[in-house]
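So the structure is just underneath, and the comments pick up after that.
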Amino acid sequence: MAREIAKAYEPQQIEPRWAEYWVAEALFKADTKARGPVFSIVIPPPNVTGSLHIGHMLEHTEIDILTRWHRMRGFNTLFLPGTDHAGISTQRVVVKQLMDQGIDYHKLGREEFEKRVWAWKAEAGGQITKQMRSIGESCDWSRERFTLSPEMSRVVRKVFVQLYSEGLIYRETRLVNWCPVCLTVLSDLEVNHEDRQGHLWHIRYPVAGSQEFVTVATTRPETMLGDTAVAVHPEDERYKHLAGKKVLLPLMNREIPIIADAMVDREFGTGAVKITPAHDANDFEVGKRHGLAEIDVMTDDGRMSAAAGDFAGLDRFEARKRIVEDLKTKGLLEKVTEHAHSIGICERSKTIVEPRISTQWFCKMKGLAEPAIKAVREYEPRKENTIQIVPDNRRQEFLNWLDNIRDWTISRQLWWGHRIPAWYCGDCEELIVAEEAPVKCVKCGSGKVTQDPDVLDTWFSSGLWPFSTLGWPEKTADFEKYYPTSLLITGYDILFFWVARMAMLGIHLSGKVPFRAVYLHSLVRTGSGEKMSKTKGTGLDPVVLNQQYGTDAMRFCLASMAAPGTDIVLSDDRLGGARNFANKIWNAARFLFVNLDKFEQGGTAIEELASPEVRALAPYKFKGNVPLVDAWLFSRLASVTEMVNEALANYRFHEAAQGVYQFFWGDFCDWYIEWVKPELQNADRERAIVAWKNLFAGFDAALRLLHPFMPFLTEELWHQLPQRPGTKSIALDKFPVAQESWKNSGALEEFEVLQYLITSVRNIRAEQKLDPKKKIAAELTSKEAAVRELVERNLDTILRVAFLSDLKLIPGKIGVGGVIRSTARFDLRIPFAEIVDSQAEIARSKKEIDGLTKDIASKEAQLANETFRSRAPEKIIKGMEATLEQRRVELRKHMDRVAEFEKSDRST
RNA sequence: AGGCUCGUAGCUCAGUUGGUUAGAGCGCUACCUUGACACGGUAGAGGUCUGGGGUUCGAGUCCCCACGAGCCUACCA
């Protein structure tokens, strides 16, 4: 059969077919009863209404590479996909959509709003999973989960009730982070701190019954309306006489006490601090200590409240301006200075967060954190119930954070999310926390029970993800088989948000760590070093790039740059390089197919190649011996496979990718294919058949090696090669095994000599500007068997360059009158004295002599050093001595040549 | 304020416990359209590893300082 195959790889033509095939055939459905060690991984659920961004692309590529790699090595593999309801961000999206239609979501009411969100989820929710399918992620789609599904809700309610009954969840009134735009409380993690240039306003507070003023310094003058004291340090001589007196709060004309508290920093500002317990965390504490009133002067949307007197109704920033002006006119503004300070920003709305007094639900963290700290701190390979965190510096970050953890605000004033399973009795105010809605109050029997309007922080349900998705708390087959999961791959930006919480909740609830290892991948940044972001317009759209370069190229590119602990800056150049690599593989396959056809036409059956049993015996022998080049290739294959296994086991994706790249392009294409070309034409038919069988076997193995990185291309080509009947996918085929018997250091060394010899000839040709089409004669002295074979076979077409003709092996020393390359293992002479640029040759040799002299001198000095000899390991000394000897031989040859050249130059 | 990371070829980056002439991709130069591939081939140029000091027989690799870039955590008004 003649194979038709496009000249260039066109991923767009090929990818959709396989993406569909993988899903339709359910090839990646996990089977709890299947044999083999377990590899299970759950996806960090992306926002259900989101779409694939470049960060996902990296994350999913890494997950998929490791998943496919494990699967091919015979693991019982589960890759569980799913999505997150993403409370705040999803609600914000829908609220905005409604706003664009002129609809105020408040007016819609809770029930109708929730319907709208579900409708939006139905509409947009398929987007990201569809994209995941199209990029070929090898998930088990039959196990897809959603954090807000009824099943997940049941788990969430159960967990909430349990933690509440254990006293770990409680409700309290305290100062929290409030976003006036999202209209909800935020956890500390959802507040980002930014350094901004602000002002320090020095305001005079008149002391009651005196002409004196106390000047306070503040960055937030608008909060003064809620001041309930002024604090000074108890030992501050400047203010000692004022303690116990009162000041008249300007603009409000309210008398407030001057109190003494050690929290005041005498050095800062004026040494006197206004105390606003309702709007500042420190002041809140001081207020508690001194029994001060808490006056909330703002509303939930960031306006001044009725308690703000004349300023009521003003926006908080407008109020600030007006207050400053008023103070100025009243002569109470002493001065304004520049002041840099850190400001809390809502991670979603980017507005300034208000510290605000509010009653919320919290989760106690100290007790939960301890076992998680233990699990991470005590990590050792294979030690039960410990967690490995990679890279190592993140591990320390993780521990530091958990050591200083504070309680988690888990309630949110949103409508989209898991509603808190708490009910209040309208009559006796009893609080009822239960998995199912109570019909009546458990205390007074009143039927007037209403549910808490708040929902839970999104991260609460995602904190249960690794086990809730596997059927916990039931002891399902999935849970028993796949929990704890083997690995979690996610970004370090959600180390605390998500990883830490899963670790804590997982250990507490399931009794086991939720994952044995966490690999924190890099962030993909823009050229200027920023985190890529769609809102800033700095993001690259992976869907567009996949279309442009091919998904395999994209995957390969990301993998080859994904060095642990370093961020990735993606570029078109780099992507282009990966695309070229895909094309290279494609064209190597074309070469293979052409020859496959030729051999079929020649009457050779190719079916026997389809059997993996035969394949495992590769490389094939010719007259009882593996031909040198085949021995070399399979030796390289064994070490590359080993290297890839080692690299992937340690999350060193870049090493693995670069390793297969070098192997495929550098070894397989540049050397092996070129070498094999004349062999395929070998007059000895048997030799030719062995050559192409090994070519096939080598390519087939390379394809399987490449598959985890480039699934589409390899699947396509694999199907075009003879395969065992009934096998459905390369993804279910075997990953190459680094056969010890393939390793052949002798073949490696011999082949290296040949490579160097050939490179030398090409180099002479290039430097002497010899006509590439013209055959030239050459003489060679060498004791190497491979070199002799090369000469005997006279493979003058190797590497497309007709470089040798009448290559003669001569005994003894090679004369001058030509161009010579010398190494310790061979001398090569191309006797074309008349066209040789002897000056160039002399210059070249002199350069070599310089390098060699320096090197030899430094090695001699080293070796002469007694301390070195006594302290350096034997291996290093021996190696250095051997190299030194070689260098000396090379140096002598170069010096001889220069001398001879100069002599013959003078004589002509 | 504390902690962390980074500074290696023109560009983007690798470089695993310190060990023999520091690597890759892209770019660059010269030559080559040869029946897998110009998204290609061949040959080549190009870094002394930000600067300074130290430890060591030996440092890009460990320590200290400086300069530069970035990240995370943090209640100083």
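The values are calculated or read from the model by the stated rules, or taken from the named source; none is laboratory data. Bear in mind the structure is a predicted one, so any value in this text is a computation, not a measurement. Glycine also receives a Cβ, built like all others from the backbone with ideal geometry; neighbour counts cover every protein chain displayed. With ligands, DNA and RNA removed, areas are computed over all heavy atoms of the protein, side chains included. Shrake-Rupley method; radii C 1.70, N 1.55, O 1.52, S 1.80 Å.
A few points about this structure:
Yes/no per residue for (1) within 16 Å of RNA strand B (Cβ to nearest atom); (2) closer than 22 Å to A:Pro708 by Cβ; (3) open to solvent by 10 Å² or more (accessible area, probe 1.4 Å):
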{"position": "A:Tyr9", "(1), (2), (3)": "yes, yes, yes"}
{"position": "A:Pro16", "(1), (2), (3)": "no, yes, yes"}
{"position": "A:Tyr21", "(1), (2), (3)": "no, yes, yes"}
{"position": "A:Gly36", "(1), (2), (3)": "no, yes, yes"}
{"position": "A:Ser40", "(1), (2), (3)": "no, yes, no"}
{"position": "A:Ile43", "(1), (2), (3)": "no, yes, no"}
{"position": "A:His60", "(1), (2), (3)": "no, yes, no"}
{"position": "A:Phe79", "(1), (2), (3)": "no, yes, no"}
{"position": "A:Met99", "(1), (2), (3)": "no, no, yes"}
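- Options A:Ala702, A:Ala731: the member that is touching a residue at least 24 places away in the same chain (Cβ under 8 Å) and away from RNA strand B (no atom under 13 Å from the Cβ): A:Ala731
Condition check ((1) among the hydroxyl-bearing types (Ser, Thr, Tyr); (2) within 24 Å of A:Ile203 (Cβ to Cβ); (3) open to solvent by less than 40 Å² (accessible area, probe 1.4 Å)) across all residues:
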{"site": "A:Val286", "(1), (2), (3)": "no, yes, yes"}
{"site": "A:Arg289", "(1), (2), (3)": "no, yes, no"}
{"site": "A:Ala312", "(1), (2), (3)": "no, yes, no"}
{"site": "A:Val336", "(1), (2), (3)": "no, yes, no"}
{"site": "A:Ala375", "(1), (2), (3)": "no, no, yes"}
{"site": "A:Glu378", "(1), (2), (3)": "no, no, no"}
{"site": "A:Lys383", "(1), (2), (3)": "no, no, no"}
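Quick grid of which residues meet (1) in a strand (DSSP E or B); (2) in contact (Cβ under 8 Å) with a residue 40 or more places away in the chain; (3) more than 9 Å from RNA strand B (Cβ to nearest atom):
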position	(1), (2), (3)
A:His199	yes, yes, yes
A:Tyr205	yes, yes, yes
A:Ser210	no, no, yes
A:Val216	yes, yes, no
A:Met224	no, yes, yes
A:Val230	yes, yes, yes
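- Cβ pairs under 7 Å, 6+ apart, first in the stretch A:652-673 and in contact (Cβ under 8 Å) with a residue 24 or more places away in the chain and open to solvent by less than 20 Å² (accessible area, probe 1.4 Å), second charged (D, E, K, R) and near RNA strand B (Cβ under 7 Å from one of its atoms): A:Cys669/A:Lys584
- Condition met for A:Val273 (without any contact (Cβ under 8 Å) to a residue 60 or more places away in the chain and either assigned to a loop (DSSP other than H, G, I, E, B) or under 24 Å from A:Leu186 (Cα atoms) (or both)): no
- Candidates A:Phe709, A:Phe735, filtered to the one that is at pLDDT 95 or above, closer than 11 Å to A:Trp69 by Cα and of a type outside the set (S, T, N, Q): A:Phe709
- The combined condition, being within 9 Å of RNA strand B (Cβ to nearest atom) and open to solvent by 50 Å² or more (accessible area, probe 1.4 Å), is fulfilled by A:Lys677.
- Matching helices (runs of 4 or more DSSP H) fully within the stretch A:36-126 where at least 1 residues are within 27 Å of the chain's Cα centre (by Cα), under 30 Å from A:Gln547 (Cβ atoms) and not aromatic (Phe, Trp, Tyr): A:54-72, A:87-100, A:110-124
- The stretch A:261-270, residues that are in contact with a strand residue (DSSP E or B) (Cβ under 8 Å, 6 or more places away or on another chain), of a type outside the set (Ser, Thr, Tyr) and either within 6 Å of RNA strand B (Cβ to nearest atom) or touching a residue at least 40 places away in the same chain (Cβ under 8 Å) (or both): A:Val264, A:Phe268, A:Gly269
- Criterion violated by A:Ala124 - all others in (1) at pLDDT 90 or above; (2) crowded, with 17+ Cβ neighbours inside 10 Å satisfied: (1)
- The stretch A:862-902, subset more than 9 Å from RNA strand B (Cβ to nearest atom) and over 21 Å from A:Ser760 (Cβ atoms), residue most open to solvent (accessible area, probe 1.4 Å): A:Glu874
- Some residue of the stretch A:348-359 being away from RNA strand B (no atom under 16 Å from the Cβ), open to solvent by 40 Å² or more (accessible area, probe 1.4 Å) and free of Cβ contacts under 8 Å to residues at least 60 places away in the same chain: no
- Scan of the stretch A:360-391 for residues that are among the aromatic types (Phe, Trp, Tyr) and either outside any strand (DSSP E or B) or without any contact (Cβ under 8 Å) to a residue 60 or more places away in the chain (or both), ordered by number: A:Tyr379
- Of the residues making up the stretch A:188-228, those that are modelled with pLDDT of 85 or more and under 14 Å from A:His339 (Cα atoms) are A:His199, A:Leu200, A:Trp201, A:His202, A:Ala217, A:Thr218, A:Thr219, A:Arg220, A:Pro221.
- Here A:Gly87 passes the criteria (1) surrounded by 20 or more Cβ atoms within 10 Å (Cβ to Cβ); (2) at pLDDT 90 or above; (3) of a type outside the set (D, E, K, R) except the one numbered (2).
- Candidates A:Ala738, A:Ala697, filtered to the one that is more than 21 Å from A:Arg788 (Cβ to Cβ) and surrounded by fewer than 18 Cβ atoms within 10 Å (Cβ to Cβ): A:Ala738
- Which numbered condition A:Phe113 fails, given (1) more than 22 Å from A:Ser468 (Cβ to Cβ); (2) surrounded by fewer than 17 Cβ atoms within 10 Å (Cβ to Cβ); (3) among the hydrophobic types (A, V, I, L, M, F, W, C): (2)
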